[in-house]
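Working notes, structure below.
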Amino acid sequence: LEMENQEDAKTAVIMGLKERGLLDDVDKHRGGESVEDLVQRFLVARKYKVSDALAMLVEDLEWRKKEDLIGLRMSTAMQMLKGQSNPAGKELHDSMFPHGLLGFDYKNRPILYKWFGKPFSAQKMQDEAGLTVEELVRYHLWTVERLAASMDHKGQWVSIIDLQGWNLGHFTSLHMKYVKGLIDIDSNHYPERLGKVFIVNVPSVFSACWRMVQMWLDAETRAKIGLFSSPAKWQEAMGRELAVELLPEHLGGQARLAYHPHSLD
């Protein structure tokens, strides 16, 4: 749209929020992001259709209240993973799911790393760590809120998803339920937050899983995702965006992921 029309669209959404008495709720959740920039993200997600963007924002605000996101973002990883009542379960989770905030890229965007490869098993986390898929999805919500807090809720972030050791044994209905839960949260409630995704160490057998995952993503999100099979390819692509020493040690960097406290606490 022309700038004038974009500004008109933003004004219309803000007026819609004001008429519904929701501007105070917006202020509670937006952190350092301006109301205008927040509305802009939702307008982009809904291709500048004012009624659709307003409906998405109203639904998001209701969801945030229902999920107590203000309380959640103040929690720690220990609390989210029931570490005090179930320390062995949290320890198992952390050993099976190496992840954390690595730092910031050249555009000052926070970088979130997740290893969904060999050690990851939602089934074992449920059976042995006492963490259900629903609790794992809520933990993802916590990580996203903490990630947003790390940049004062302004701008975008970068994700690195490591599939080293991934095999067809990971392609289960439970894992797909988990992935769908993550995608639903990110697409419905964090529009235009994602700057770039690097999916690295992608095995050839991942293609069947990727075909399913792609169906849950819109075209704009898919365009931000790069899949890389060999280190030579992803190191070159990542090197244009961030300092490779920020990566975990097994990827050739210097990072040692910490969980006590967590890098996102």
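The values are calculated or read from the model by the stated rules, or taken from the named source; none is laboratory data. Not measured: the values here are computed from a predicted model. In this analysis, Cβ positions are derived from the backbone assuming ideal geometry, glycine residues included, and neighbour counts consider all displayed protein chains. Only protein heavy atoms, including side chains, enter the accessible area calculation; ligands, DNA and RNA are left aside. Shrake-Rupley method; radii C 1.70, N 1.55, O 1.52, S 1.80 Å.
Annotation: amide H of Leu242 within the under-5 Å range of Tyr106, sequence separation 5 or more or interchain, hydrogens built in the peptide plane. Taking a span of 20 Å or more along the helix axis (Cα atoms) and a mean Kyte-Doolittle hydropathy of at least -1.0 as the rule, the DSSP H helices of the chain that qualify are 3-19, 50-66, 133-150, 173-189.
Please grab the % of Cα pairs in region 109-265 that end up more than 18 Å from each other. The proportion of pairs with Cα distances above 18 Å equals 61 percent. Each helix, a run of at least 4 DSSP H residues, gives -39500 (n - 2.57); summed and divided by the residues of the chain, these come to -15000 deg cm²/dmol at 222 nm.
Note on Lys196: aspartates and glutamates with a C-alpha under 18 Å away, same-chain residues under 8 apart excluded, are Asp105, Glu145, Asp162, Asp184, Asp186, Asp218, Glu220, Glu236, Glu241. Remark: spin-label model distance Asn108-Met15 equals 3.4 nm, labels positioned 7 Å along the Cα→Cβ axis.
With a 1.4 Å probe and every protein chain left in place, work out the accessible area per residue of region 71-200 in Å², rounded to a whole number.
Value returned for region 71-200: 40 Å² of accessible area per residue.
Can you list the lysines whose alpha carbon sits under 25 Å from that of Lys18, skipping same-chain ones fewer than 8 residues off? Those lysines meeting the cut-off are Lys10, Lys28, Lys47, Lys49, Lys65, Lys66, Lys154. Measuring nothing but protein heavy atoms, the accessible surface of region 32-105 at 1.4 Å probe radius is 54 percent carbon and sulfur. Rolling a 1.4 Å probe over the protein chains gives Lys28 an accessible area of about 120 Å². Normalised by the number of residues in the chain, the mean separation of alpha-carbon contacts (under 8 Å, six or more apart) gives a relative contact order of 19 percent. Put the Cα centre of region 1-67 next to the Cα centre of region 171-240 and the gap is 27 Å. Between Lys18, Lys177, Lys82, the GNM of the chain built on Cα springs shorter than 10 angstrom shows Lys18 fluctuating the most. Listed options for Cα extents along the principal axes in Å are (i) 67, 53, 37; (ii) 65, 37, 35; (iii) 51, 43, 33. The value calculated from this structure is the one marked (iii).
Could you work out the local net charge near Asp218, counting Lys and Arg as +1, Asp and Glu as -1, over the other residues with Cβ closer than 15 Å to its Cβ? Provide the component values of the computation, followed by the final result.
Values: positive: Arg41, Arg46, Lys47, Lys49, Lys180, Arg193, Arg222, Lys224; negative: Asp52, Asp184, Asp186, Glu192, Glu220.
In short, +3.
In this calculation the C-beta distance from Lys233 to Ser187 is compared with R0 = 35 Å, giving a FRET efficiency of 0.85.
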